[in-house]
1. Could you identify the single residue in Lys247, Lys272, Lys260 that is farther than 20 Å from Tyr222 by Cβ, among the basic types (Lys, Arg) and in a strand (DSSP E or B)?
2. (1) modelled with pLDDT of 90 or more; (2) within 27 Å of Gly216 (Cα to Cα); (3) open to solvent by 20 Å² or more (accessible area, probe 1.4 Å); (4) out of contact with any Lys or Arg (no Cβ under 8 Å at 6 or more places or on another chain): which one isn't true of Arg182, the others all being true?
3. Does region 149-162 include one or more residues that are in contact with a helix residue (DSSP H, G or I) (Cβ under 8 Å, 6 or more places away or on another chain) and more than 24 Å from Thr186 (Cβ to Cβ)?
4. Consider Lys279 carefully, then state whether it is assigned to a helix (DSSP H, G or I), surrounded by fewer than 16 Cβ atoms within 10 Å (Cβ to Cβ) and at pLDDT below 95.
5. Let me confirm something: among Met168, Met187, Met172, which residue is part of a helix (DSSP H, G or I), hydrophobic (A, V, I, L, M, F, W, C) and open to solvent by less than 10 Å² (accessible area, probe 1.4 Å)?
6. Within region 263-314, how many residues turn out to be in contact with a Pro (Cβ under 7 Å, 6 or more places away or on another chain) and on the phi > 0 side of the Ramachandran plot?
7. Pull up region 335-354, narrow it to residues that are part of a strand (DSSP E or B) and open to solvent by 40 Å² or more (accessible area, probe 1.4 Å), then point me to the one that is farthest from Pro287 (Cα to Cα).
8. Need pairs with beta-carbon distance below 7 Å; first residue more than 17 Å from Pro328 (Cβ to Cβ) and without any contact (Cβ under 8 Å) to a residue 24 or more places away in the chain and within region 245-270, second open to solvent by 50 Å² or more (accessible area, probe 1.4 Å) and charged (D, E, K, R); sequence gap 6+ or separate chains.
Amino acid sequence: MAGVRLNGVTKIYDGITAAKDVSIEIEDREFVVLVGPSGCGKTTVLRMIAGLEEITSGDLYVGDRLMNDVPPKDRDIAMVFQNYALYPHMSVHDNMAFGLKLTNYPKSEIEERVTEAADILGIRDYLSRKPKALPGGQRQRVALGRAIVRKPKVFLFDEPLSNLDAKMRVQMRAEISKLHKRLDATMIYVTHDQVEAMTMGDRIVVMKDGRVQQTGNPLDLYNKPRNKFVAGFIETPAMNFFEGHVKMEDRLYFEGEDGKVKIEIPAELEGKLPVAAGKDIYFGLRPEHIVPEQERKGNLRSSCNLKVEISEPMGNEVFLHFQSGLNPIVARVAAAINPKPGTELKMYFDTTRAHFFDKESENAVV
């Protein structure tokens, strides 16, 4: 196995920059997830690592070897694609063995590797079938098996679960995480799904507009987002944002620009926030930190009367949608609290968990 290092890697297509000055260091045997909205450059980065796209500028290393001009077949990297990319006329066995046959592995070793991978993935009973006879989850296992038999230095995954139904995605997330632990391999995984990123990655790289926004473990991104984009992208439903400014009266307050929201700020943040006329900021609070009276704990004092517009039961919890002036608000509450639309609730704001972002740069203030 080997680590992967990108130093200032840039990719430009016909004058359009798809990836800009990307620097990431992935340790040997680490599972790293690249996440971001469509068009953010994450798949472009993956394809440059695989050698399927040329690097415009910057350097790519696998282990200690510079890979910029190394052909894909010589990089010892295996890639699992979104659409499985299986040969329809070949059996599962032959799909998995094909790459080894091309490189003239002995027949006995091919059989050993295919059988071992099939046992790991639970598809030994399907080796004689054609891909069209398999459901999506089993096809994805075949694609994984084709990568596993090569025993590469690095595994690359390009949104491999996006074609599966919700239940199968959850199952395959767990299977790939188990596979990483079993193979003890370096894996780089691309997705637009925040849940996949948070549940699978040792570290997550958040991208937007071709640039890396923040790199860290899941809890770092959740608790300490570097900017408003990361704060709003990580987690579903997204963080609530209120535009306004901080002011000092008898205590420190955040006041929304429409005058509808006035929230007391913890005293320990005094001196750390921009208290100045005309200095606008964003106040951010996650849905689980806006709670009704029934879930109020500790000394939560800031509150606001809000009318429920939509109630979304999710089984073990409910998402409540409100509107306060210009601000849509979502709260995540217990399943027992399921008010009808039109109900007015007193909602409390846990300001000890608040985030503040400069309006102009959108970078975190504290």
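1. It is Lys247.
2. (1)
3. No, that holds for no residue.
4. Working: assigned to a helix (DSSP H, G or I): no; surrounded by fewer than 16 Cβ atoms within 10 Å (Cβ to Cβ): yes; at pLDDT below 95: yes.
No: the conditions fail for Lys279.
5. Values: Met168 fails: open to solvent by less than 10 Å² (accessible area, probe 1.4 Å); Met187 fails: part of a helix (DSSP H, G or I).
Criteria check complete, one pass: Met172.
6. 0
7. Top of the filtered list is Glu344.
8. Pairs found: Leu252/Glu270; Tyr253/Lys247; Tyr253/Lys262; Glu255/Lys247; Glu255/Lys262.
The values are calculated or read from the model by the stated rules, or taken from the named source; none is laboratory data. This one's a predicted model, so the numbers in the text were calculated from it and none came from an experiment. For neighbour counting, all protein chains shown are included, and Cβ atoms are generated from backbone atoms with ideal geometry for every residue, glycine included. Heads up: the accessible areas ignore ligands, DNA and RNA and are worked out on the full protein's heavy atoms, side chains in. Shrake-Rupley method; radii C 1.70, N 1.55, O 1.52, S 1.80 Å.
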